[in-house]
Amino acid sequence: MKNTFKNVDYDVVMAKPRPKRKKPVKPNIFWRTLIRILTIFNLAGTGVTYTTERMERIAKDEPCLILMNHSCFMDMPIAYQLLYPRPLNIVCSSDAFVGFGGLMAWLMYTIGCIPTQKFVTDVSLIKDMTYALKEKKSSVLMYPEASYSFDGRATQLPRKMGVLLKKLDVPVIMIETKGAFNRNPLYNELQARKSVKASAHMRLLYTREEVREKSVQELSDGLDEAFGFDNWAWQKENGVEIHDTFRADGLSRILWKCPHCGVEGKMDGRGIHLTCSHCGKKYELTPIGDLKALEGETEFATVPAWNDWQRSQVRQSILDGSYKLDVDVDITVMVDFKALYNVGAGHLTHDLTGFHLTGCDGRLEYHQKPQHCYGLYADYYWYEVGDMICVGNNDVMYYCFPKGGDVVAKTRMAVEEMYKLYKSRQLKMPETRFEQTVPDGKTAEPCHTK
């Protein structure tokens, strides 16, 4: 999927008026039917199958909160197939509203989408969801992980989801896809493994009465359990073999540190192999999804095990103060829905004081503290441009494209671990000369539940 990009001077971009927030629109049956038809073509040949559980306990048009895991680009078409003709509003990233001089925003509002900035405080989002559910009698679909899964497992959920369920006071539906990640993992740059058949299971997770009866902690624990999936384990348990010769393409986006020599940024995922250019150690991603060293010891036999080791390494580097991202970037800015604006080159650092972005001949300087949010909006091959790290606030979003190395996954991991360490008081904020800044000079607030 592509978007509208324009090269515009930074000062011109920052002077543009910001769009006013609109209330959610309940999509009429014409738009719901049109999208349903389009998704049939979109999913043609994928062999997706569907199952349901406990859905007879709610009416087909009863407003519900629908939660779905975020595996790949198939998620949205699958949801429409399962939920039609239920009236539906969808919480989605604001950058999906950009394009065609604002025409895309009109279309997205019309079909029921609710824009939000990922991993940024958005009090209006809760109001919009409540309005859609209570006033418009429309269900709301959201992806609580807020980002696609990088390694085929659940991305960390917001800690206030139980509070949100209590506030909305509606039944909660869960949709879980299986095999969608294995068919089209984000790291593989849109190369579909057509032999993999995906499935989706929709179940009533909580009735309205159960939402009222359970404590906030019980609701949150239930969500953690519902999102406790592992697509690699699913592949092995179901004997799903993937023989595509490009199955390891881009795997170095996830597995960026060599367990043999310990060097970072020298892994290369290509074909069916993952190779360290520093020490020469080579691994095969087998058809069943395991990892196997071609010579010597296989340090980690699965992608999740390797990734968990990397996370422990990142956490330790944060604790001992050695962690730092220091990279040149190209910068794209979003301030309205007309276009995404390329404003030039810059530099991005990330350490125990948070993010620091500079660029545009010294005119751009942005700071973001590590307590800003529990997660990070980061993506691979974002709008077919490149791997991306996003920082920002409700006034402006800065999309940074690193110019060297596979640093995106490590940075997202570092943000998550740093946030947990600061919140648990295992780390103390070092003295800095800056506050988290926004263009009007006010201090930005940490992010809330998405």
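The Cβ shell under 13 Å around residue 321 holds other residues with a net charge of +1, Lys and Arg each +1, Asp and Glu each -1.
Put the Cα centre of the range 149-223 next to the Cα centre of the range 54-101 and the gap is 12 Å. Taking 32 Å as the cut-off for C-alpha to C-alpha distance, list the pairs among 282/403; 22/420; 127/423; 60/423; 127/420; 118/403 that go past it. From 282/403; 22/420; 127/423; 60/423; 127/420; 118/403, over 32 Å: 22/420; 60/423.
Looking at the square roots a ≥ b ≥ c of the eigenvalues of the Cα gyration tensor of the range 311-412, which shape do they give, rounded for a/c under 1.5, prolate if a/b is larger than b/c, or oblate? Judged from the Cα gyration tensor, the range 311-412 comes out prolate (a/c at least 1.5, a/b above b/c). 3J(HN,Hα) along the range 128-140: 5, 5, 5, 4, 5, 6, 8, 8, 8, 6, 10, 6, 10 Hz, from the Karplus curve 6.51 cos²θ - 1.76 cosθ + 1.60 with θ = phi - 60°, whole Hz, x for Gly and Pro.
May I ask for the Kirkwood hydrodynamic radius of the range 235-288, worked out over all distinct Cα pairs and given in angstroms to one decimal?
Working: mean 1/r = 0.0871 Å⁻¹.
Taking every pair of different Cα atoms in the range 235-288, averaging 1/r and inverting gives 11.5 Å.
Counting only DSSP beta bridges whose two residues both lie in the chain, roughly 70 percent are antiparallel.
Rounded to the nearest 500, what is the 222 nm mean residue ellipticity of the chain from helices alone, with -39500 (n - 2.57) per DSSP H run of 4+ residues and division by all residues?
-7000 deg cm²/dmol
For the range 202-342, the average shadow cast by the Cα convex hull is 14.7 nm², which is a quarter of the hull's surface. Rg and Dmax over the alpha-carbon atoms of the range 123-249 stand at 17.2, 51 Å. Charge tally around residue 349: other residues with Cβ under 13 Å, Lys/Arg +1 each, Asp/Glu -1 each, net -3.
Relative contact order of the range 217-350, taken over Cα pairs closer than 8 Å and 6 or more residues apart, is 15 percent.
Under 25 °C and 0.890 mPa s, how fast does the chain diffuse according to Stokes-Einstein, given a Kirkwood radius computed over C-alpha pairs? Answer in µm²/s, whole number. Before the final figure, lay out each step's value.
Details: Rh = 22.9 Å.
For the chosen part, D equals 107 µm²/s.
Given +1 on the Cβ of Lys and Arg, -1 on the Cβ of Asp and Glu, and no further charges, what dipole in debye does the range 283-341 carry about its Cα centre, rounded to the nearest 20? In total the dipole reaches around 280 debye.
Candidate cross-link partners of residue 178 among the lysines, defined by an alpha-carbon separation under 20 Å and a same-chain spacing of 8 or more, comprise 194, 197, 236. Centre-to-centre separation between the Cα atoms of the range 314-352 and those of the range 12-30: 27 Å.
Counting every Cα pair in the range 28-138, what percent are over 18 Å apart? Write down the numbers at each step before the final one.
Values: 3485 of 6105 pairs.
Counting every Cα pair in the range 28-138, those more than 18 Å apart make up 57 percent.
Normalised by 2.2 N^0.38 Å, where N counts its residues, the alpha-carbon radius of gyration of the range 74-124 equals 1.24. Overall, the ratio between the Cα radius of gyration of the range 1-93 and 2.2 N^0.38 Å, rounded to two decimals, is 1.45. When only Cα pairs below 8 angstrom with a gap of at least 6 residues are kept, the chain shows a relative contact order of 18 percent. In the chain, taking the dipole from charged Cβ atoms about the Cα centre, the farthest positive-side position among 65, 366, 352 is held by 65.
For the range 183-252, report the translational diffusion coefficient in µm²/s to the nearest whole number, using Stokes-Einstein at 25 °C, 0.890 mPa s, and a Kirkwood Rh over Cα pairs. Mind dumping the intermediate values first?
Working: Rh = 15.1 Å.
Translational D for this selection: 162 µm²/s.
Restricting the calculation to alpha carbons of the range 287-369 gives Rg and Dmax of 19.1, 54 angstrom.
Read-outs throughout are calculated quantities, based only on the coordinates presented, and are distinct from any laboratory measurement. Quantities reported herein were computed from a predicted structural model and do not represent experimental measurements. All Cβ positions, even for glycine, are placed from backbone atoms using ideal geometry, and neighbour counts span all protein chains on display.
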